Every structure is written in C-alpha cells, then in structure tokens.
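The values are calculated or read from the model by the stated rules, or taken from the named source; none is laboratory data. Just so we're clear, the structure is a prediction, and the values are computed from it rather than from any experiment. Positions of Cβ are generated from backbone atoms using ideal geometry, with glycine treated the same way; all protein chains shown enter the neighbour counts. Heads up: the accessible areas ignore ligands, DNA and RNA and are worked out on the full protein's heavy atoms, side chains in. Shrake-Rupley method; radii C 1.70, N 1.55, O 1.52, S 1.80 Å.
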Amino acid sequence: MVERGVAIDPTFAIHEQLLLSRNGEVFAGAADYVDHMPVAVQRGARSAMSAINSEEEDAAYRGAFEQIRQMLQIMRERGIAMVPGTDLGGSFAYHRELELYQQIGMEPAEILGWASHGMAEYLGVDGELGRIEPGYLADFFLVPGDPTQDLRDIKTISMVVADGRVYFPSEIYPEFGIRPFTGVPEMRAVE
C-alpha cells in the first residue's frame, strides 16, 4: 500500500458503533450531542447495531474493536495513507470519525490539518483547496472552542462559510428539530 500510494478509508466510527454500542446506552460517538437531537434520533442513539446476548459476546465485540484500533495504529506507523470518512452519514458521524483517530496516536491539530489540507494534497487539488489564503477556494466553519485542544469542539459549529455564503447553524438546526449548540457569533467589521 505504501509503495503504490494506496490509501484506506477505514470508516472507524461505524466499527465503533457496530462493535461497542449496547441497547439502552447512548453510544460513545453520540454522547456529546444526542441531547440536542430530535427524540427519534435520541432513541436511535440508545439502540445497538448488533445483538449482544452474553458476556462472552460482549468481550468478543470489544476485542474486535481493539484489534481494528491496533491495526490502524500499525498502518499509521508504517506510513499507509488513510482518508477519513464514514458510512454512518451526517456531519456528527464524520466528526466522531475524526475524534477516533486520537486513539491511534494522532493529535487534534494534526487531525484537523490532515482532514483539510491533507485531503486536498491527497486528491491533488492542494493548489486551490485546503487552505484559507488569498487565491484559494475556502469553505470553513467557526466554533466557540479550540478544536486543536479538544477535537469535540468541532461539533459546536456557530458559523459556516461555503461557496462564499455565510450560514448560522443556530438558525438552521431548529428546522430539523435540533436544539442549537451555540448562538450566532458576534461579528464586527474589520478596518
């Protein structure tokens, strides 16, 4: 894979949900946002993807996730390219996907760079995407925290700029039954 430049998209978050979710418990990937979601989503976050019928099965499923985590760590150490992505759908699942890479030794700032400029480089479009600089096409979002210190902060987006348009999730989320995480940020003109 290294020799040929072949990358893997391990869909880490779906493995976590498949192997570690348990009926009646909010799965780890949803714990910090589930209370903001509509009731049906909250209910779904407490439903396991797999039927676990014994302590032995529970241990086996947890062990399988640990094997996946260890394999991804080995792949990273050997220089195999990874791309972040998930089959779970939605931004919160993708955000969890990014968070999980901390479990294989990546730091929050490294993950943010990898998921933005790193992916632009991988796709060969880093001359026009992946940076917030003059001459680049830049979509970006604003959060009230510091995701380079706590990657979970990327789930509390207060503003999105995409294709030159500004969006405020606090104005959009209620249309989908989502209680906003934060308000509209204070904006000032810069001279």
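Annotations for the structure displayed:
- In the range 11-85, Cα pairs under 8 Å separated by at least six residues give a relative contact order of 35 percent.
- Carbon/sulfur fraction of accessible area - the chain, other protein chains in place, 1.4 Å, %: 52
- Gyration tensor verdict on the range 95-148 (Cα atoms; rounded if a/c is under 1.5, prolate if a/b is larger than b/c, oblate otherwise): oblate
- Using C-alpha pairs under 8 Å with a sequence gap of at least 6, the mean separation divided by the residue count of the chain gives a relative contact order of 19 percent.
- Amide H contacts under 5 Å for ASP9, placed H, 5+ residues apart: VAL83
- Classification of the chain by its C-alpha gyration tensor yields an oblate form. The axis ratio a/c (a ≥ b ≥ c) is 1.5 or more, and b/c is at least a/b.
- Reference-scaled alpha-carbon Rg (2.2 N^0.38 Å with N residues) for the range 86-191: 1.15
- Contact order normalised by residue count of the range 146-191, Cα under 8 Å, 6+ apart, percent: 30
- Cα gyration tensor, the range 9-91 - rounded (a/c under 1.5), prolate or oblate: oblate
- Solvent-accessible surface of the range 1-146, taken per residue with a 1.4 Å probe and all protein chains present: 56 Å².
- The magnitude of the dipole of the chain, with charges of +1 and -1 set on the Cβ of Lys/Arg and Asp/Glu and taken from the Cα centre, is near 300 debye.
- Separation of the range 3-52 from the range 70-138 is 19 Å, based on Cα centroids.
- With every protein chain in place and a 1.4 angstrom probe, the accessible-area ranking of GLU57, GLU16, largest first, reads GLU57, GLU16.
- 3J(HN,Hα) along the range 139-149, derived from phi through the Karplus expression 6.51 cos²θ - 1.76 cosθ + 1.60 where θ = phi - 60°, amounts to 9, 7, 9, 10, 10, x, x, 10, x, 6, 9 Hz, with x in place of Gly and Pro.
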